[in-house]
Each structure stands twice: as structure tokens, then as C-alpha cells.
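Data first, discussion second: the structure below is written as C-alpha cells.
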Amino acid sequence: MTAEFTFRLLAEDGKARRGEITMPRGTVRTPAFMPVGTAGTVKAMYLDQVRDLGSDIILGNVYHLMLRPGAERVAKLGGLHEFARWPHPILTDSGGFQVMSLADLRKLDEKGVTFRSHVDGAPHSLTPERSIEIQGLLDSDIQMQLDECIRLPAERAEIERAMELSLRWAERSATAFGDQPGKAMFGIVQGGDLIDLRLRSAEALAAMDLKGYAVGGLAVGEPQDVMLATLEETVPALPTQKPRYLMGVGTPDDILKSVARGIDMFDCVMPTRAGRHGLAYTRRGKINLKNARHAEDPRPLDEESDCPAARDYSRAYLHHLVRSNESLGGMLLTWNNLAYYQSLMAGIRQAIGEGRVADFSAETAETWALGDLPALG
């Protein structure tokens, strides 16, 4: 295993790319979906299960971990890998999005952002330098610059102001990160749904020669066609030999269409959150286990799945668990959902290697469109 952070392309099919990110703690096969381990845990899952499903990397969150249990405490206990018993790669986001969406009484200026915790109201400050310091204390392998992510729609002046501030924060984040062998800091392209601003952001970040690049500020309220049009124009401005990460995205359909536009990495709370709320992702689309039609259905979610949650439990039992608000229901459906997402990513990687990603995407979408099989009479 290399002591350096490296990315190499193994195959290309149109704009879709198959590759490998190699770090001292392991190799990440791309395109990759990163389960979200917000507070040092992927909700409702054992991390051994997450690994067994094919996850090479998980995501942790600076905002939540700085509030509880605290970055300094995690560092004292050996870092996030030791703390959570996950010896494989971890990406940490900068905390910026959560500050904007969760914290109370925010005040943002050139230096950074001050806010009150949504947990106990205590005051905190997050600057580019402090965000990188926290990520260093957590000992994450891929660290993200602090940026300002605004919700769409927004006025051009506001989008441009946030984009320019994020570029200045990227420079400060890179300086704070310095040279850390085996680790990487990614910059984040901002600019809302305005292509000229996105290109300015991408070109300025590319000039910083960072180890990877993310596209942020999408999936924040805009329609899918706007997101895809933004990717169409933005991704070609990013360096070819560096990994490209679309933050916070998304649905299986979002992933298929974004891979076709050159994205290598994804994260989203959707599969875990949906599982805790009774919604299953399967080969035949989404299945809502709250629906009464499942109450006497002995079939599994997917008899062809390798995942025991999908293959071995009846829909009737899953329906009962969900309707009874039993914790096991959320655990089983989260297990199913992450298994489906990782199976989808494995299928995408194989299809790129075989030069048939367009066919794979069309076949996958066609099966979703068929919908779930009718309940047994």
C-alpha cells in the first residue's frame, strides 16, 4: 500500500470514469458512494456491516463531531478511525453546510462564522483554519475546505459573494492543511446555478493544484435538470487526473446521471434516512413499507439480493416493524438500502470497464420504471 495519496484512471466510457484513490488506510474504488457517518456512526448500522456491503470509505461531519464529543476528545482517544472502529479511509466535510442549515444565531464574515450550537446554545467559531485543525484532530484521510453553501434560488449578487468568499477560504484552508503525506484536502466549487460563476470558481481552484475537487451547493432545492446542466459545464473545467466529488447527492437516478457527466464520488443521507422512515430502495424502485398492502405479503424485498435484509425477511414482517416503530425495522431497511446503493456502484464500475455504461443506465432505469411487483393475491 502506498504512503501517498494517489488517483489513477482505469477506464473511461464517454465522460464516465472508473478509477482508484489509494491512501495509506486503503483503496477507494470509484465511482464510489460514501455512507454518511455524521457523528462517527452510520445510523442504524454496525460499521462492520457497512464494510461488508462494499464501502471503501465513509464520511464524518466536523460540525456534529466538534459539538459532541469534541475533536480534542476524539484525538485523545486515538482519532476517529480508532474511536469508531473503522480502520479504512474517512472523508470529513468542513462543517460549513451544517452551520448554515442547523446552527442558531449565525454571523458570517471574512474571518469565518460564529454560531450557537443547536444542541445546547453554546457559542462556537468556525474558520477555515479551525475547520482544518478539527479535521486533523479527527485524523481524517480526505479533508474539505470550509466554504459557504447557500440555498437556491438566490440573487446573483449573493451567489457571487459566497463563491468569492469560498475561494478565499479555500486558499486559507490549503495553507492550514500544508503538506500531509498520504492525506488530501479537496477544494469545493461554488457558484449556484450560474455557469459563469461556476467556471470562475473551478478555474481558480484548479490553479491551486489541490489533490481533489468537489462540486458543492447542488441538491439544495434546484431541479435535477439544473443540477445536471451545471455539472455538464463545470466538470470539464476540473483537472482530469484528480478525483471529482459531488457533495450531498443523491438518489440512484442522480448518481447514474452524474457518473455519466464525469463524477467519481458521492455521499448522501438518503439511503440511511429513508430506511429509518420505512422506505426501501430496490432493483425495482422504491418500496414504502408503511403501506397496508404489505401487511400479509410473505415475499422478501428482493429474492435475488445478496443482502439478508432484502432476501430473508418478509415484507409483512418489515411492515409490522415499521408500523410498530420497532428499531429493527429501521436497521433492516437501512441495511437493505446501503446494500442496494453499493450494488449499484459495483454495477456502474463494471459497466464502465466494459464500455457499456449507457446501456447499464438505461437497463437500470427501465427496471425502476417497471415498478414493484403486485402483492400476492
Query raised in the report: So what are the ³J(HN,Hα) numbers for region 47-64, from phi and the Karplus equation (6.51, -1.76, 1.60; θ = phi - 60°), rounded to whole Hz, Gly and Pro as x?
Result: 5, 4, 4, 4, 5, 5, 6, x, 7, 8, 7, 10, 10, x, 10, 4, 4, 5
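Return the Rg/Rh ratio of region 1-129 with Cα-based radii and a Kirkwood Rh. Let's see the in-between values first.
Working: Rg = 17.0 Å, Rh = 16.5 Å.
Radius of gyration relative to Kirkwood radius: 1.03.
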Query raised in the report: Most fluctuating residue of GLY191, GLY275, GLY121 in a GNM of the chain with Cα springs under 10 Å: which is it?
Result: GLY121
Requested in this report: Could you work out how far helix 224-234 tilts from the main Cα principal axis of the chain, as a 0 to 90 degree angle to the nearest 10?
Outcome: 40 degrees
Query raised in the report: If one takes the longest principal axis of the Cα atoms in the chain, at what angle in degrees, from 0 to 90 and to the nearest 10, does the Cα axis of helix 357-370 lie?
Result: 50 degrees
Query - Mean separation of Cα contacts under 8 Å (6+ apart) over length of the chain, as relative contact order % - result: 16 percent
Report summary line: So the FRET efficiency between ALA292 and THR6, C-beta based with R0 = 51 Å and rounded to 0.05, is 0.45
Query raised in the report: Once phi is turned into θ = phi - 60°, what whole-Hz ³J(HN,Hα) does the Karplus curve with 6.51, -1.76 and 1.60 give for every residue of region 197-205, x standing for Gly and Pro?
Result: 6, 4, 5, 4, 5, 4, 5, 5, 5
Report summary line: Karplus ³J(HN,Hα) for region 260-267 (6.51 cos²θ - 1.76 cosθ + 1.60, θ = phi - 60°; Hz, whole; x = Gly/Pro) runs 5, 10, x, 8, 10, 9, 9, 9
Query raised in the report: So, in the chain, how many Lys pairs have Cα atoms under 22 Å apart, if the pair is 8 or more places apart or on different chains?
Result: 11
Report task. Rounded to the nearest 500, what is the 222 nm mean residue ellipticity of the chain from helices alone, with -39500 (n - 2.57) per DSSP H run of 4+ residues and division by all residues? Result -> -12500 deg cm²/dmol
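For the residues GLU232, GLU366, what sequence is obtained by ranking on other C-beta atoms within 10 Å, fewest first? Intermediate values should be presented prior to the final figure.
Values: GLU232 14, GLU366 9.
Fewest-to-most Cβ neighbours within 10 Å comes out as GLU366, GLU232.
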Query raised in the report: Computed from these coordinates, which is Rg and Dmax of the Cα atoms in Å: [x] 24.2, 80; [y] 19.9, 58; [z] 20.5, 65?
Result: [z]
Report task. Quick one: check the C-alpha center-to-center distance for region 1-47 versus region 143-179, whole angstrom. Result -> 24 Å
Query raised in the report: Helix 156-177: angle to the longest alpha-carbon principal axis of the chain, degrees 0 to 90, nearest 10?
Result: 80 degrees
Query raised in the report: Pick from ASP56, ASP48, ASP147: which is most flexible by mean-square fluctuation in a GNM of the chain where alpha carbon atoms under 10 Å apart are linked?
Result: ASP48
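Order of VAL357, VAL36, VAL119 from fewest to most other C-beta atoms within 10 Å?
Numbers: VAL357 27, VAL36 22, VAL119 11.
Going from sparsest to densest Cβ surroundings: VAL119, VAL36, VAL357.
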Query raised in the report: Compactness ratio of region 275-368: Cα Rg over 2.2 N^0.38 Å, N = residue count?
Result: 1.16
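All of the numbers you see were taken from the coordinates with simple rules; none came from a lab. This structure is a prediction, so every number in the text was calculated from the model and none was measured. Cβ sites come from the backbone with ideal geometry, for glycine too, and all protein chains shown count toward neighbours.
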